[in-house]
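Participant: One structure coming up, written as structure tokens, with questions to follow.
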Amino acid sequence: MKVLIVDDEDDIRRIAGLSLSVVGGMQVCEASSGAAAVESARREAPDVILLDMMMPGMDGAAAYRALREQPETAATPIVFLTAKTVSSEEASVRALGARGVLVKPFDPMTLPRLVRELVNGS
Amino acid sequence: MNRWPLKVKVAAGFAVAFLGLAGAVGIAWRSMNRLLRASQETAREQEILAEVRTTLSLLQDVDLGVRAFVLTGEESSLKPYRSAVLRLDGQLHKVSWLASGNRRQESLAEELRGEAAASVAWAERTISARRERRLDAARAAAALGDNVSRMERIRRTLARMEEESNHHLFARPEETGSELTHTLIIGLVGALLPFGMLVAVYWAINREARSRTRAAESLRNQLSFTGAITDSLGEGVYAMDREGRLTFLNRAAQEMLGWSEAELLGRNMHDTVHFQREDGTRTTSEDCPILAVLRTGARFHSDDDVFTRRDGTTFPVEFVSTPFLVDGRIVGAVVAFQHIAERKKTEAELVERAHQALFGAEVGAALTKAGTLPEALGECAVAMVRRLDAAMASIWILSKDEKILELRGSAWARRPLFGPDARVPVGEFRVGEIARDRRPALVDLTAGQEREDDKDWARREGMVAFAGYPLIVRERLVGVVAMFARRPLTEAALAALASVADEIALGIDRARAAEELAASESRNRSVVDNMLEGLLSVDEKTVVRSVNPAAEQIFGYRAEELVGRPLSVLVPESVGPNPLAFLAEAKRRALGKITRWEGRRKSGEVFPFELALFEFRTPEGRRFGGSIRDISESREVERLKKEFVSTVSHELRTPLTSIRGSLGLLAGGVLGKLEPEASEVVAVAERNVVRLVRLINDILDLERYDSGRIEMRFERWAVASIFQRTLEAVRAFADQEGVEVQWTGTSAEVWADGERLVQVLVNFVSNAVKFSSRGSAVRVSASADESWTEVRVADLGRGIPPTFREAIFERFRQVEASDGRLRGGSGLGLAICKAILEQHGGSIGVDSEEGKGSVFWFRVRTLRNALEPEAPKAELAARV
């Protein structure tokens, strides 16, 4: 399974990447911004995109819309990563039609399982 | 007819009758005289006639005697002659006498007399001649012839006399007849007139008598009636006739006088009841003013006299003697009287009462009209001096600490003996004692009761009595009213003080209340003027009636620019031109609540504000008040805060995510196996990071509940499904702790934000598991009635001390400070649970017995049917 991790924080990308690759045995690619994520997703064609909500420039919601508009990624499952700052955030995310929401900070040991479950729709 | 009294009528009647009779008698007398005279004259005429015939007869006897002697010569034949001559002279005198008064008869009688004398002379001569025989028969015969003519003349004279008498005689009966008719008529009239008059007088007297009888009857009837009334009034009434004799005596009078009516009827009342003065001296009928009424007809009133009882004792009376008139004439008098001893008493009481009323009125007027309390109390004291005849009056007010009486109003009949600012400690002096005992006092200062403290001046000033009364309002003493007098005081003085004490006390209370009100108004005014929130009131037509300085500042208008103008100037134009609709909307939405609105400043700037609308009434009508908070700034603050929370949250979470992830990977051993010590340290670090994250989450959650910014998603939830989710959340933890969780469900449904209730229940169960010993059980159960559904989580843990049962729902409150560290709680869980239940309009609590376990419970509304219940909806609406 190929996962695109989109987050402006390098450390988080790194930890999430380690978790997914080492613990989950997944193939990981990264993007540090919304715009990069759109480009990267088109190029890499991941099985799932982990998208951070709060990013400078194009934020999660904007990136989500851009990804959906891009034919190559229109059907790619997207799971949001959120710092759960505002309760309305989660609702708005769900309203966008995302596959799921994962809350930061996450447990690196269970993250791969959660992602897999969301992607597989279980 | 009635203008003349009977006496005059009768007198006049008799006078007329007498005059009539006298006139008739006079006229009859005159007529009788005339008749008598006429009859005398008739008799004389007839006598003359008779005497004339007798004279003629005598003269014929003379003539015949002579002739017979001449012829015969015999002396015997001279016998008739001699008899006739003897009578003739007297006869002629008689005729002359009878003829006197009638000149014609007189002259005829004289003529007759001459002829008779001549005839007698002839006869003598002839007789003597015959005797001497100088005469023969022839000659004698010739001589006889001489006398024939004489006789003839005599006959003629007598015939004329006869004729004259007959003339008189025949003329008189005619005259006498008419005279007689007159006399008869006059006599008849003279007899009938008095008779008529006597009949008239009899009629008048009879009528008078009947009228008197009727009047007396009517008087008695009236008096009986009056008597019946006056009996009940206790007024004595008696009536007298014209002579002062009793004709009526009512029962009250009988009782007062000691006589019965029957005993006194017909008796002279003056002599019976009114004959003596109070000192026993006699009064005469002539001087009696009651009897004078019968003479003068003038009503007489007296309140200074006495009547005498049957037993001779007297009693003071007031009486009115009123003449009783019939047809304008006094026929008697009615005397109404009262025993004045009681009346005097009643009058004195009335005077006293009037005095008190006046006193009360003056006090009332003083209390209502005077400007300030001391002025009012001063006037009250003046009223006491004036109306209660006090030498000194004082009104004392109890100080706020209730220890001192302060003189607030005083008045002196003469010069003041102490100043207007006197102070007396409660319990000291007379007024202080009244204040302490709360009892009125009446003291006779001459009876040796005078106190040391007032003896000197009271004696010096000639004070003989003291009276004082406590002033009490609603069982609270407010002061004392007191007075000194130079005359003895009775209970009446206390009664008078009592009658005004309440009023004065109320006046003091009112004045104090007014002072407090003024102070409170002043306070309120300064609060309103200095408060940060704008205050604005409008009337029902939405005209602005008042604004406070804060409102001036918020809207940018000065008060005088706003007051009187319509509210619409403060409302954005977008709201519409109808301020009444605006007010109606505001009333519907904002009355008794805090709601957000938009306003318009003078500059035209539209700004948000919070409005709390309230309604109040003034004498001018209904008003709406708005408390206005300009939230244009607080909105900004709120936005900044939100941003801050968001940022902090994000900024904290980002590094925490990295740390948590790193430690997690390390602890998970996926990056290589750690030494046991290293592994332990990493585990500690990870556990604490997790705790830190939870703390941050809880703080954020609580902040949202506090600010009301949490969004509740109310839905229909089955209790069973809340249990299921909770079970999923806690199963692993319970298993790990070795605690069994037993679930007893219910079919009830609730109207709730299920996720939040799951959060609460997870908190409860987690806590229960945490505090349960391994191998024990936690029981989760639910029960529901029509209104409420209650969920209970029972453990067999250590329990919660009573002092903590409320506190554990507060922030960072745990039964033991170490709990947080040992059990990994933030200390905010139950506070959040409480906030969630508050959002539901439900309740939360714990029942616990120390050492035996706890039962945590919460209650939310039961959904009775598929429809959404009203109450939670309203709650929701109120908070958005």
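Derivation of every value follows stated rules applied to the coordinates shown; laboratory data play no part. What you are looking at is a predicted structure, and each value in this text was computed from that prediction instead of being measured. Positions of Cβ are backbone-derived with ideal geometry, glycine not excepted, and every protein chain shown enters the neighbour counts.
Participant: For region B:592-736, what does the relative contact order come out to in percent, with C-alpha contacts under 8 Å and a separation of six or more? Working shown, then result.
Facilitator: Details: 97 pairs, mean separation 17.0, N = 145.
Computed value for region B:592-736: 12 percent relative contact order.
Participant: At 7 Å along the Cα-to-beta-carbon direction for both residue B:53 and residue B:595, put a label point, then send me their distance in nm to one decimal.
Facilitator: It works out to 16.5 nm between the two label points.
Participant: Right, next: In whole angstrom, note down how far apart the Cα centers of region B:742-765 and region B:477-507 are.
Facilitator: 75 Å
Participant: Summarise the partner chain shielding of A:100-107 as one whole number: the mean count of Cβ atoms from other chains within 10 Å of each residue's Cβ. All intermediate terms of the calculation are to be shown ahead of the outcome.
Facilitator: Working: counts 0, 0, 0, 4, 9, 17, 4, 8.
Taking the mean over all residues of the peptide, I get 5.
Participant: What is the calculated FRET efficiency for residue B:185 to residue B:220, with r their C-beta to C-beta distance and R₀ = 45 Å, to the nearest 0.05?
Facilitator: Details: r = 52 Å, r/R0 = 1.15.
Once the sixth-power term is evaluated, E becomes 0.30.
Participant: A further question on this structure: So how many Å³ per residue does the convex hull of the Cα atoms of chain B work out to?
Facilitator: Details: hull volume 444.6 nm³, N = 880.
Per residue, the Cα convex hull of chain B comes to 505 Å³.
Participant: In cubic angstrom, how much convex hull volume per residue do the alpha carbon atoms of region B:491-618 span?
Facilitator: Output value, Cα hull per residue: 140 Å³.
Participant: What is the gain in length, in nm to one decimal, between residue B:149 and residue B:647 on full extension, counting 0.36 nm per residue of separation less the C-alpha to C-alpha distance?
Facilitator: Contour length minus the Cα-Cα distance gives 157.9 nm.
Participant: Using only alpha carbon pairs under 8 Å that are at least six residues apart, calculate the relative contact order of chain B and give it in whole percent.
Facilitator: For chain B, the relative contact order is 5 percent.
Participant: Taking loop as defined by DSSP and a crowding limit of 10 other beta carbons within 10 Å, which GluC sites (Glu not before Pro) in region B:628-725 fit? Write out the running numbers ahead of the final one.
Facilitator: On the way: sites: B:633, B:636, B:638, B:643, B:651, B:677, B:680, B:686, B:703, B:711, B:715; in loops: B:711.
Filter output for region B:628-725: empty list.
Participant: Residue by residue through B:685-695, how many Cβ atoms from other chains fall within 10 Å of the Cβ on average?
Facilitator: 1
Participant: Let me ask something additional. Work out the length of the dipole vector of chain A about its Cα centre, built from +1 on the beta-carbon of each Lys and Arg and -1 on the beta-carbon of each Asp and Glu, and round it to the nearest 20 debye.
Facilitator: Dipole magnitude for chain A comes out near 360 debye.
Participant: Moving on to the next point. How do B:18-31, B:779-792 rank on mean C-beta neighbours within 10 Å, highest first? Could you put the intermediate results ahead of the total?
Facilitator: Values: B:18-31: 15.4, B:779-792: 17.3.
Ranking the peptides B:18-31, B:779-792 by packing returns B:779-792, B:18-31.
Participant: Within 10 Å of each Cβ of A:9-21, how many other protein chain Cβ atoms are there on average?
Facilitator: Average neighbour count from other chains, rounded to a whole number: 4.
Participant: Tell me the mean residue ellipticity at 222 nm calculated for chain B from its helices only (DSSP H runs of n ≥ 4, each -39500 (n - 2.57), averaged over every residue, nearest 500).
Facilitator: Per the formula, -19500 deg cm²/dmol.
Participant: Between residue A:103 and residue A:42, what FRET efficiency follows from the Cβ-Cβ distance if R0 is 35 Å, with the result rounded to 0.05?
Facilitator: 0.80
Participant: Let me ask something additional. Do any GluC sites (Glu not before Pro) in region B:517-611 lie in a loop, going by DSSP, with at most 13 other beta-carbon atoms within 10 Å of their beta carbon, and if so which?
Facilitator: Hits after loop and neighbour filter: B:540, B:605.
Participant: Taking the Cβ-Cβ separation of residue B:543 and residue B:637 as r and a Förster radius of 35 Å, what is the calculated FRET efficiency to the nearest 0.05?
Facilitator: 0.55
Participant: Among B:799, B:766, B:446, whose Cα projects farthest towards the positive end of the dipole of chain B, with charges put on the beta-carbon of Lys, Arg (+1) and Asp, Glu (-1)?
Facilitator: Going by the Cα projections, it comes out as B:446.
Participant: For region B:1-80, run through the GluC sites (Glu not before Pro) and keep only the ones in DSSP coil with at most 14 other Cβ atoms within 10 Å of their Cβ.
Facilitator: Here the sparse-neighbourhood loop sites are B:74.
Participant: Compute from the Cα atoms of the protein assembly as shown the Rg and the Dmax, the latter being the longest Cα-Cα distance, and quote both in angstrom.
Facilitator: My reading of the Cα-based Rg and Dmax gives 76.9, 264 Å.
Participant: Here's a follow-up. As a check on your grasp of the helix formula, calculate [θ] at 222 nm for chain A: sum -39500 (n - 2.57) over DSSP H runs of n ≥ 4, divide by the residue count, round to the nearest 500.
Facilitator: Details: 5 runs with 50 residues, N = 122.
After summing the helix terms and dividing by residue count, I get -12000 deg cm²/dmol.
Participant: Can you work out the PRE-style zone for residue B:117? Point 7 Å along Cα to Cβ, and I want the residues of region B:82-101 with backbone N under 20 Å.
Facilitator: Under cut-off, by backbone N: B:84-101.
Participant: Using 5 Å bins from zero, what percent of all Cα-Cα pairs in chain A falls into each bin?
Facilitator: 2, 13, 25, 27, 22, 10, 1
Participant: Please give, to one decimal in nm, the separation of the simple spin-label points placed at residue B:209 and residue B:350, each 7 Å out from Cα toward the Cβ.
Facilitator: 4.8 nm
Participant: Label points 7 Å out from Cα along the Cβ direction at residue B:580 and residue B:368: separation in nm?
Facilitator: Each label point is offset 7 Å from its Cα along the Cβ direction, giving 4.1 nm.
Participant: Next up: Could you let me know the centre-to-centre spacing of region B:775-795 and region B:580-651, using Cα atoms, in angstrom?
Facilitator: 42 Å
Participant: Taking the Cα atoms of region B:394-552 alone, what are Rg (to one decimal) and Dmax (as a whole number) in Å?
Facilitator: Spelled out, the Cα radius of gyration and Dmax of region B:394-552 are 22.7, 75 Å.
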